[in-house]
Each structure stands twice: as structure tokens, then as C-alpha cells.
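Quick note: the coordinates plus some simple rules give every number you see, no bench work behind them. Please read these numbers as outputs of a predicted model, since none were measured by experiment. FYI the Cβ positions are ideal-geometry reconstructions off the backbone, even for glycines, and counts take in every protein chain you see.
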Amino acid sequence: MEIVIVPDSAAGARVAARLIARVVTAKPTAVLGLATGSSPLGTYAELAEQATSGTTDFSAASGFALDEYVGIPAEHPQSYAAVIDREVTRRLGMDPARVHVPDGRATEIPAACDAYEAAIRASGGVDIQILGIGANGHIGFNEPSSSLSSRTRIKTLTPRTRADNARFFDSLDDVPTHCLTQGLGTIMDARRIVLVAQGSAKAAAVAAAVEGPVSAMCPASVLQFHPHATVVVDEAAAADLT
Ligand code: F6R
């Protein structure tokens, strides 16, 4: 695991974007694993600039979102389908037909999860997975106690994660209670991983993930087993590292 400590979130976004752009430049058909939430927004903005300036061409790349809420329509502005379309697909000039999000409205949830895993496999697998981290150490929506070898499945969001994400909704009651998420085993299959974290609210989770024991109680700690994982943290998020 490589740890890169940068002065601020803007510098972190530049470092993460550089890693991703390098993969896409080497392989224009690269498959990107896409996180939502606020952590990767600066990275996506950097990549969007590269797309606009013609420095990096994402038109042949594919994307697989990490997760999706269950039970909100795809048109809802906070559905991850809408967020990925708005923040990534359009801004990076990706082909919408090649950008996938788990189907949180499927009537047959287990079949939809299996189909998502099959689609990732059929694409050749994720070349670089972009991750944020929850204050409780979750990655994707693999909350504490998730199996370290889990695959895409339905999960219940913890009260803490619902409260953390309430800022994106009108009220806490509007935050969905369930989600579909790539599993920790799915995430670990990516050839490269870059996790970005900013701010003091993430410091404890970052320290547990990087320096703590590998444990299902801190799902991000599984990244210690990944051969090509880079953790890009600003000084505030790095504050609890020894
Ligand atoms: C979202 C996701 C989550 C977030 C995490 C941090 O697709 O996978 O693991 O990365 O909840 O969220 P932010 O970045 O909003 O602090």
C-alpha cells in the first residue's frame, strides 16, 4: 500500500487524476471503477479538464459505479446513476453505453447483482478503481462487518452512513435505507486502486485502514492486501497516522 500525503484536497485530486490518466493513456479502453460521494469530485474535475483540453481521451473507456441506492428512481438527482452521469460520464466525454451503475430498482435484486458482476468480468475487469472512505471505514457501501471476500449484493446502510449522506437529501428520512454495492472481493479484483480522503472527519478511518489490523470492522483495511493500492490523503486526513 502506497500512502501519499499532500497539503490539501486540490493537490490530492491532482495526484489521483494523474494516476488515472496514466492508466487511460496507456490503455484507451481502460475500465474505471467509479466512486460517488464528495471525495472524488475534485479528481473528476481534474479529469474533466484533461478531457476538455484533449490531454486525455476517455471516449473509449468504460466505467462501473461502486454502488447505488435501492428504491430511488434513476432520475432522482441523488441516485448514483444521476450523479455518475452528471459528474463523470458527461464531463469526461465517456460513452454512456459503457458506463454502468448497479440497478437499485431491480425486482430481482440477487439476479441484478450477479448480472453486475458478470458485466464487470465481461469488460475484462476494472483497471483502476477510485475509492472514497466512510468515517466508519466503509468502502463502497461495505459497512463494518462486511465479509472481506464479499461480492456485489444488497446491504443495509448504517445509521451513521445515512446521517453522513443526509446532506445530499432534503431530510434524513429521505435517505434510502438500503443499497447495492460492489463487494470487498469485487473491489479487490481491480488491477489498481486509488483511494482519496480529505479532512479530519476521515482521520480515524484512514489510520485504521492503513495501520490497523485487517478486519471486517474496518472494511478499507482489506486494501492492505492489494498489490497496487495508493491512498492519497491530505494533511487533515493523515493526522492520526503514526
Ligand atoms: C460512494 C462510496 C462511499 C463513499 C464514502 C465517502 O460511491 O462508495 O464509500 O466514498 O461514503 O463519502 P464522501 O466522499 O461523500 O465523504
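Under 7 Å between Cβ atoms, at least 6 apart or on separate chains: pull out the pairs that start in segment 27-40 with a residue that is under 19 Å from VAL206 (Cα atoms) and end on any residue that is in a strand (DSSP E or B).
If the second residue must be in a strand (DSSP E or B), the pairs left are ALA35/ILE130; ALA35/LEU131; THR36/ALA65; SER39/VAL196; SER39/ALA197; PRO40/ILE130; PRO40/VAL196.
Just the residues that are within 16 Å of the ligand (Cβ to nearest atom), among the small types (Gly, Ala, Ser) and either on the phi > 0 side of the Ramachandran plot or in contact with a Phe, Trp or Tyr (Cβ under 7 Å, 6 or more places away or on another chain) (or both), please, taken from segment 10-57.
Scanning segment 10-57 gives GLY33, GLY37.
Only residues that are in a loop (DSSP other than H, G, I, E, B), closer than 20 Å to GLY132 by Cα and of a type in the set (Gly, Ala, Ser): list them for segment 62-83, please.
The answer is SER79, and nothing else.
For segment 156-237, give me every one of the helices (runs of 4 or more DSSP H) that falls completely inside it and has 3 or more residues that are more than 15 Å from the chain's Cα centre (by Cα) and surrounded by 22 or more Cβ atoms within 10 Å (Cβ to Cβ).
It comes to 203-211.
Conditions (1) surrounded by 19 or more Cβ atoms within 10 Å (Cβ to Cβ); (2) touching a residue at least 40 places away in the same chain (Cβ under 8 Å); (3) under 18 Å from the mean Cα position of the chain (by Cα), marked per residue:
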residue: SER59; (1), (2), (3): no, no, no
residue: ALA122; (1), (2), (3): no, no, no
residue: SER146; (1), (2), (3): yes, yes, yes
residue: SER150; (1), (2), (3): yes, no, yes
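Give the residue that is farthest from the ligand (Cβ to nearest atom), with candidates limited to residues of segment 80-96 that are without any contact (Cβ under 8 Å) to a residue 40 or more places away in the chain and charged (D, E, K, R).
Among those that are without any contact (Cβ under 8 Å) to a residue 40 or more places away in the chain and charged (D, E, K, R), it is ASP95.
So how many residues does segment 138-155 have that are more than 10 Å from the ligand (Cβ to nearest atom) and not hydroxyl-bearing (Ser, Thr, Tyr)?
6
Tell me which residues, restricted to segment 88-124, are assigned to a helix (DSSP H, G or I) and of a type in the set (D, E, K, R).
Within segment 88-124, the subset assigned to a helix (DSSP H, G or I) is 88-92, 96-98, 109-122.
Correct list: ARG90, ARG91, ARG98, ASP114, GLU117, ARG121.
Looking only at segment 125-136, filter to residues that are assigned to a loop (DSSP other than H, G, I, E, B) and near the ligand (Cβ under 10 Å from one of its atoms); which one of those is nearest to ALA35 (Cα to Cα)?
Checking each candidate, the answer is GLY132.
List pairs: first residue in segment 125-139 and more than 14 Å from TYR44 (Cα to Cα), second residue hydroxyl-bearing (Ser, Thr, Tyr) and near the ligand (Cβ under 6 Å from one of its atoms) anywhere in the structure, Cβ distance under 8 angstrom, at least six positions apart or on different chains.
Once the first residue is more than 14 Å from TYR44 (Cα to Cα) and sits in segment 125-139, its partners that are hydroxyl-bearing (Ser, Thr, Tyr) and near the ligand (Cβ under 6 Å from one of its atoms) give ILE133/SER39.
Scan segment 61-79 residue by residue and report those that are without any contact (Cβ under 8 Å) to a residue 60 or more places away in the chain, aliphatic (A, V, I, L, M) and surrounded by 19 or more Cβ atoms within 10 Å (Cβ to Cβ). Steps first, please.
Let us first name the residues in segment 61-79 that are without any contact (Cβ under 8 Å) to a residue 60 or more places away in the chain, namely 61, 63, 65, 73-77, 79.
Okay, now just the ones that are also aliphatic (A, V, I, L, M), so 61, 65, 74.
Within segment 61-79, ALA61, ALA65 qualify.
When segment 23-42 is examined, which residues are found to be out of contact with any strand residue (DSSP E or B) (no Cβ under 6 Å at 6 or more places or on another chain), in a helix (DSSP H, G or I) and closer than 15 Å to LEU92 by Cα?
VAL24, THR25, LEU41, GLY42
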